[in-house]
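To start, the structure itself, in structure tokens.
Each value in this text was obtained by applying a stated rule to the coordinates, not by laboratory testing. For clarity, every value in this text was computed on a predicted model and none was experimentally measured. Because the Cβ atoms are built from the backbone with ideal geometry, glycine has one as well, and the counts that use them run over all protein chains shown.
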Amino acid sequence: MEAKDRTPADWVAYLARVHEGLQSGLEDLNRYYEGKQELSYLNEELLEELGDQIRQVVINWPSLVIDSLEERLDVEGFRYADDESAAKDLWAIWQANGMDEKSQQAHVDALVMRRSFLVVGTNEKDAATPLVTVESPIQMQVDRDPRTRCVRAALKRWHEQDPLTDAVTDRYAALYLPDETVYYRQTSVTSWQETDRDKHKLGQVPVVPLVNRGRIMKPNGVSELARILPLSDAACKIATDMMVSAEFHAVPRRVAFGVDEEDFQDANGNKVSKWSRIAGRIWAMSKKKGGDDGADVIQFPEAQLSNFHATIELLARLVGGLAGLPPHFLGLDTNNPPSADAIRSAETRLVKRAERRQRSFGGSYEDMNRLILRFRDGEWDPRAMSLETLWRDPSTPTFAQKADAIVKLVQANILPVEQGREDLGYTAVQRQRMQEMDQDALQRAVGADFAAEYGPKPPVEPPGAPPGDVPPEG
């Protein structure tokens, strides 16, 4: 069935089916980020034999890769192309919707699970402040026009749970179309009942994907973890093997000849457990070494675990190369402490990756703001076509170095003061307060000087003139 012929019910069935097919992969990626992935490469027979004696050791490099990049993605405001000052109204709506915190969640989900979503709607409590929410790809799926690659339909599904039993009580869905939003409640496995409909007549789906590393043939993005998951699995396997070896081979092994089970006892004559014998606690027995009963005990040297250390270090270097992480992020210390210049040089690739994400994510936030203005004003604002997202500098120079460079540029009239403040990382609100302080200081200073130099003065009587006979000025 062609997209133009689909009814809302058809869209719900189609998008739900597509979404179900993607759920498993998305949840796997989410588990890797949270460090709850299943152990790979370990023999099933060994797992069965060990039972509860050993647990998987998780080296959570996926979380490190994501967080190291996300920590450098901070939105600081928005600006129109024809206005050097920040768009205060858009920033106020951003703050009112708590997007400082929600944007971080959207970035994490997009980096981990390829994409997240921004949804704009009417705020029933305040029509002048449209509602903005961020959505997880685990709950939302979109369909794109293959010609324009624009979103032509989106479906969000969610459910409610009993807080005592965690049993799912009700399932709901919201279908977003260019001219209306339709709400549903699930009545059976494949049946949905319409509960409400909002005909907004936008002409555009009010859902904006926040896509990580989108490609021409993969417009819904690629996970930032795709390249490092095999290395992460290998590291977890090696670390778990190391713990197994530590339990069975890192302790010196002993072999006893000519003794029976009942010969192993503690100093009080009590029989010791098998684990006590393995761990090397004190043994006491009546038989003597070299006696007629042939008793003898020998000890093998303990196993060294350095081979595991070297393998994990090699895997860490490979992860650092693929993810653009500096060596010290992965605990790879050098003999000498790195200098500030060396640290900045090592972070070059990570900073460039952050700048690339700022560009792609910034375009999504600009689309979000165009929808916000449409919901608020009732019409599309042509100025919004040239919006710009303002980001904090993702690099890590020292504040003193950066301030010194900016002061020199301002003094040489290469950089305006306001741009210097923006480059130093001050927010739009802070810069506005600075401008007001500058204006107040200027008015006080200029007002005092003008009053002294150019303000009105008492008339001066010419010499010999009678009192009160002052010629008019001019």
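Only the Cβ atoms of Lys and Arg (+1) and of Asp and Glu (-1) were treated as charged; on that basis the dipole of region 350-453 about its Cα centre amounts to roughly 680 debye. For the pair Q443 and A167, a Förster radius of 51 Å applied to the C-beta separation gives a FRET efficiency near 0.15, rounded to the nearest 0.05. FRET efficiency for the D198 to S40 pair, using the beta carbon distance and R₀ = 35 Å, is estimated at 0.15. Between A96 and E379, what's the calculated FRET efficiency when r is the beta-carbon distance and R0 is 30 Å? Round to 0.05. With R0 = 30 Å, the Cβ-Cβ based efficiency is 0.90. Residues K156, K102, ranked from the fewest to the most other C-beta atoms within 10 Å, line up as K102, K156.
In region 145-187, whose amide N lies under 20 Å from the spot 7 Å out along Cα-to-Cβ of M217? List them in ranges. The answer is 145-150, whose backbone nitrogens lie closer than 20 Å to the label point.
Loop-resident GluC sites (Glu not before Pro) (DSSP state other than H, G, I, E or B) in region 80-139 with no more than 14 further Cβ atoms inside 10 Å of their Cβ: E84, E124.
With a/c under 1.5 counting as rounded, go ahead and sort region 403-444 into rounded, prolate or oblate using the C-alpha gyration tensor (a ≥ b ≥ c being the square roots of the eigenvalues; past the cut-off, prolate if a/b is larger than b/c, else oblate). Oblate. Fully extending the segment from T348 to V57 would add 101.6 nm, taking 0.36 nm per residue of separation and subtracting the current Cα-Cα distance. Spin-label pair L409-A310: with each label point 7 Å from Cα along the Cα-Cβ axis, the two points sit 4.8 nm from one another. Panel order for D404, D109, by other beta carbons found within 10 Å of each beta carbon, from fewest to most: D404, D109.
Full extension of the chain segment joining D423 with D28 gains 138.3 nm, where the gain is 0.36 nm per residue of separation less the Cα-Cα distance. Does region 350-453 classify as rounded, prolate or oblate by the C-alpha gyration tensor (a ≥ b ≥ c root eigenvalues; a/c under 1.5 gives rounded; else a/b over b/c gives prolate, otherwise oblate)? Because a/c hits 1.5 or more and a/b fails to exceed b/c, region 350-453 counts as oblate.
Rounded, prolate or oblate for region 114-262? Axes are the square roots of the Cα gyration tensor eigenvalues, ordered a ≥ b ≥ c, and the cut-off for rounded is a/c under 1.5.
prolate
The loop-placed GluC sites (Glu not before Pro) in region 1-31, going by DSSP, that have at most 14 neighbouring Cβ atoms within 10 Å of their Cβ come out as E2. Counting beta carbons within 10 Å around each of T181, T190 and listing the fewest first gives the order T190, T181. Note on region 164-232: with charges restricted to the Cβ of Lys and Arg (+1) and Asp and Glu (-1), its dipole about the Cα centre is near 420 debye.
Placing a pseudo-label 7 Å from each Cα along the Cα-to-Cβ vector at R356 and R317 gives an inter-label distance of 2.4 nm.
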